[in-house]
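The values are calculated or read from the model by the stated rules, or taken from the named source; none is laboratory data. Quantities reported herein were computed from a predicted structural model and do not represent experimental measurements. When we count neighbours, we look across all protein chains shown, and the Cβ atoms used for this are built from the backbone with ideal geometry, even at glycine.
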Amino acid sequence: MTRPGVRALVVGVGGLGCPAAMALARAGVEVLGLCDDDVVERANLHRQILFDDDDVGSPKVEVAERALKRRAPNLEVKLHAHRLLPENAIELVGQYDVVLEGSDNFATKFLAADACALAGIPVVHASAVRWIGTVMAVGTAGRPCYRCLFEDVPVGDAPNCAAAGVMGPVVGMVAAIQVDLALALVAGEPVAGEVVTIDGRVDEVRRRSLRARAGCCLCGGQSSRIRQINPDAYASPAYTG
Amino acid sequence: METIVRIPTPLRTLTGGADEVTAIGGTVREVIDDLEGKHPGLRERLLDEKGVRRFVNIYVGEEDIRFLEGLKTTLKSGDQISIVPAIAGG
């Protein structure tokens, strides 16, 4: 099935972003944006399936574009060789119909959540550490949102991929579900608020429907909720991946 | 009453690698307290002085305890608790 006219942005071209981008390209999206400022490292290769040994040291977005164009010559790939940052987030996500956020740090996750909510762009968040993964779909209405699930940035003891590692097959599973949910959102399917957790060690997939929190600081009804991107809110050391 | 608690990978270092443990209690808090006795350090990873940490979700069955009675949520026979922490990685 093709997806003519669909513009999708992949934030983080890593273990999740590579298979997600490949699936989107094969699904026939018209424009695929790739946002990442990193270069390919040898340690990436077991899970970042668009890259090969010869690509080590090259910018991820450039290598990914070549790999995707080989598979989908008609695909328009837009490169954003920088991080999603407070100063560019809303403008960037606003260029797309749907965002697939698979970054490796909490700063980007919360920033993507905030920017997409403020811009009215649906977003599917995905994460994977070791054997587990989590995927969450947020619709155009932005409610329920990522901050309904995780209220604020973890501090101290939250695991991340760099410290804990991740299994290559697990990110493939997680990315597949992320793309499914993204395409479902674009198609108008009622998947907003779906939270999927995956335990790759026992191949268990659980799906729950998240309810919006009345007191959510992003999508709740209180006057103090987030109404603009505050750069200082993402500057904490805890936000770096 | 004994309840099954599903432990996510990042917390399994505290349960000797077990992905599922059992604990006794009539409420979620009592189960967590019992878990702490068996697996020291687990409670601190789930709770702070205000209650459930802001980057952790605890479910009874398929329901987030925030939409039940929080840590006071009562458990019935056959209930299963699962923990979904915030993770970043890929």
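For the stretch A:27-44, which residues satisfy the criterion of being touching a helix residue (DSSP H, G or I) at 6+ places or on another chain (Cβ under 9 Å), assigned to a loop (DSSP other than H, G, I, E, B) and surrounded by 15 or more Cβ atoms within 10 Å (Cβ to Cβ)?
First, pick out the residues of the stretch A:27-44 that are touching a helix residue (DSSP H, G or I) at 6+ places or on another chain (Cβ under 9 Å): A:27, A:29, A:32-40, A:42, A:44.
Among the residues that remain, those that are also assigned to a loop (DSSP other than H, G, I, E, B) are: A:29, A:36-38, A:40.
Hits for the stretch A:27-44 are A:VAL29, A:ASP36, A:ASP38, A:VAL40.
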State the number of residues belonging to the stretch A:56-93 that are within 23 Å of A:VAL123 (Cα to Cα) and assigned to a strand (DSSP E or B).
5
Give the stretch B:35-50 a look and list any residue that's within 12 Å of chain A (Cβ to nearest Cβ) and either in contact (Cβ under 8 Å) with a residue 60 or more places away in the chain or within 21 Å of B:GLU62 (Cβ to Cβ) (or both), or say none.
B:LEU46
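Taking the residues in the stretch B:53-62 that are facing chain A (nearest Cβ under 10 Å) and not in a loop (DSSP other than H, G, I, E, B) as candidates, determine which candidate is nearest to B:VAL31 (Cα to Cα). Steps first, answer last, please.
Keep residues of the stretch B:53-62 that are facing chain A (nearest Cβ under 10 Å), which gives B:53-57, B:59, B:61-62.
This time we only want the ones that are not in a loop (DSSP other than H, G, I, E, B), so: B:56-57, B:59.
On the way: B:VAL56: 16, B:ASN57: 15, B:TYR59: 13 Å.
Top of the filtered list is B:TYR59.
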Is it true that some residue in the stretch A:154-172 is of a type in the set (Val, Ile, Thr) and closer than 21 Å to A:CYS217 by Cα?
yes
At least 1 residues that are free of Cβ contacts under 8 Å to residues at least 40 places away in the same chain and away from chain B (no Cβ under 11 Å) in each: list the helices (runs of 4 or more DSSP H) lying fully within the stretch A:124-225 that qualify.
A:168-186
Considering residues of the stretch B:67-90 that are free of Cβ contacts under 8 Å to residues at least 12 places away in the same chain and within 14 Å of chain A (Cβ to nearest Cβ) only, the residue surrounded by the most Cβ atoms within 10 Å (Cβ to Cβ):
B:GLY90
Which pairs do you get when a residue that is within 13 Å of B:ILE7 (Cα to Cα), found in the stretch B:19-34, comes within reach of a residue that is hydroxyl-bearing (Ser, Thr, Tyr) and surrounded by fewer than 18 Cβ atoms within 10 Å (Cβ to Cβ), reach meaning Cβ atoms under 9 angstrom, with the pair 6+ apart or on two chains?
B:VAL21/B:THR15
Selection within the stretch B:63-74 - under 18 Å from A:ARG208 (Cβ atoms) and either outside any loop (DSSP other than H, G, I, E, B) or under 13 Å from the mean Cα position of the chain (by Cα) (or both)
B:GLU63, B:ASP64, B:ILE65, B:ARG66, B:PHE67, B:GLY70, B:THR73
In the list A:ARG3, A:ARG47, which residue meets the criterion of being in contact with a helix residue (DSSP H, G or I) (Cβ under 6 Å, 6 or more places away or on another chain), of a type outside the set (Asp, Glu), farther than 19 Å from A:GLY172 by Cα and at pLDDT below 95?
A:ARG3
